[in-house]
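First the structure, which I've put down as structure tokens, then a few questions once you've had a look.
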Amino acid sequence: MDECNRKPTSMKVENYKFFSESEHATWKSLFNNLDHCRKHQAHPIFANGVQKLGLTGERIPDLKEVNRTLSKISGWQGIAVEGLEENESFFTGLANRTFPIGNFIRDARDINYTPAPDVFHDLYGHLPFFTDMAYAEFCQDLGVRAAKRSNNSQAMILWGRLFWFGVEFTLIKTTQGTRIFGGGILSSFGESNYCLSDAPVVRPFSPKDIVAKDYKIDEFQKEVFILEKPSQLYECLDEYEMLVDRELSL
Ligand SMILES: [Fe+2]
């Protein structure tokens, strides 16, 4: 399962890795396996973002080049990190329009699994969304609000739930039918097909339900939330912050 759990130990690295040819081949397999997903399963914001950033199946992109394009569009930047990011620094990063990019790629022998968010999950699954201005604003706002509570571990858990169910594992209604809106799904061939099958329980997007809902990182999601439209996510932060504060005061 391709997953993203921002837990202990990460640090910014000075240099983006020099990837080997076999590692570029792993990217190519992953990217090409998701051709159908980009064209027919993903929300257009994601598919358009892949194009705007110039991501292709040829090679693992040069992060500097991606950042040059992305910063001109929305001011966001990918920052190479080693390992997993702590929630506290992760949300602070979002508040500063930076997103951690795992400085490694998964093992080609087990291509559908990554033990931690790798360059494919982070750069391919997440960065294209930041080419959309409304999405870029939303994610920064989420980071600002969560980072205000970064000294409170329970608050980090609650804000992590919104990231999980709103940013990683999310579906959305469109005029073409149900599409995928979460980077955690979009960077996984298996999870993309699974989430659009009849297997998971699909519930209407609800901040109240999400703030009370724990999740597992090591299996396909048994329940996912579906948005009516992107603005439903972007406009949920006042309500979600109120719910978090209420939970913390109980
Ligand atoms: Fe992620």
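The values are calculated or read from the model by the stated rules, or taken from the named source; none is laboratory data. Remember, predicted model here, so these are calculated numbers, not experimental data. As a convention, Cβ positions derive from the backbone with ideal geometry for all residues, glycine included, and neighbour counts pool all protein chains shown.
Counting only residues that are modelled with pLDDT under 95, under 28 Å from K72 (Cβ atoms) and touching an Asp or Glu at 6+ places or on another chain (Cβ under 9 Å), which one in the range 1-58 is surrounded by the most Cβ atoms within 10 Å (Cβ to Cβ)?
Out of the qualifying residues, it is C4.
Would you check if there is a residue in the range 234-250 being in a helix (DSSP H, G or I) and within 16 Å of the ligand (Cβ to nearest atom)?
Residues of the range 234-250 in a helix (DSSP H, G or I): 234, 237-249.
With the extra rule that they be within 16 Å of the ligand (Cβ to nearest atom), the set shrinks to none.
No.
State yes or no: is G83 within 16 Å of the ligand (Cβ to nearest atom) and at pLDDT 95 or above?
Here the answer is no, as G83 does not meet what is asked.
Show the residue pairs meeting these rules: Cβ distance below 6 Å; 6+ apart or different chains; first residue within the range 94-115 and closer than 18 Å to G143 by Cβ; second residue aromatic (F, W, Y).
R97/W76
For the range 211-223, check the following and say yes or no: at least one residue is assigned to a helix (DSSP H, G or I) and more than 30 Å from I60 (Cβ to Cβ). Give the derivation first.
In the first step, residues of the range 211-223 are kept if they are assigned to a helix (DSSP H, G or I); the result is 211.
Adding the requirement that they be more than 30 Å from I60 (Cβ to Cβ) leaves 211.
So far as the range 211-223 goes, yes, one or more of its residues are assigned to a helix (DSSP H, G or I) and more than 30 Å from I60 (Cβ to Cβ).
Between V144, V119, which is modelled with pLDDT of 95 or more, of a type outside the set (G, A, S) and within 13 Å of the ligand (Cβ to nearest atom)?
Step by step, each of V144, V119 is checked, and only V119 is modelled with pLDDT of 95 or more, of a type outside the set (G, A, S) and within 13 Å of the ligand (Cβ to nearest atom).
Oh, and also: Would you check which residues across the range 141-155 are part of a helix (DSSP H, G or I) and surrounded by fewer than 20 Cβ atoms within 10 Å (Cβ to Cβ) and list them?
Residues of the range 141-155 that are part of a helix (DSSP H, G or I), as a first pass: 141-147, 153-155.
If the condition is that a residue be part of a helix (DSSP H, G or I) and surrounded by fewer than 20 Cβ atoms within 10 Å (Cβ to Cβ), then D141, V144, S153, Q154 are the ones that fit.
May I pose another question? Working only within the range 176-203, note down all residues that are in a loop (DSSP other than H, G, I, E, B), out of contact with any Ser or Thr (no Cβ under 8 Å at 6 or more places or on another chain) and farther than 20 Å from N112 by Cβ. Reasoning before the result, please.
Taking the range 176-203 first, the residues in a loop (DSSP other than H, G, I, E, B) are 176, 181-182, 187-188, 196-200.
Add one more test, that the residue is out of contact with any Ser or Thr (no Cβ under 8 Å at 6 or more places or on another chain), and what stays is 176, 187-188, 197-200.
Within the range 176-203, Q176, D198 qualify.
Give me the pairs, please: first residue somewhere in the range 162-175 and in a strand (DSSP E or B), second residue anywhere and more than 10 Å from the ligand (Cβ to nearest atom) and among the polar types (S, T, N, Q), beta-carbon distance under 7 Å, and either six or more positions apart or on two chains.
Listed by first residue and then by second, the contacts come to L171/T178.
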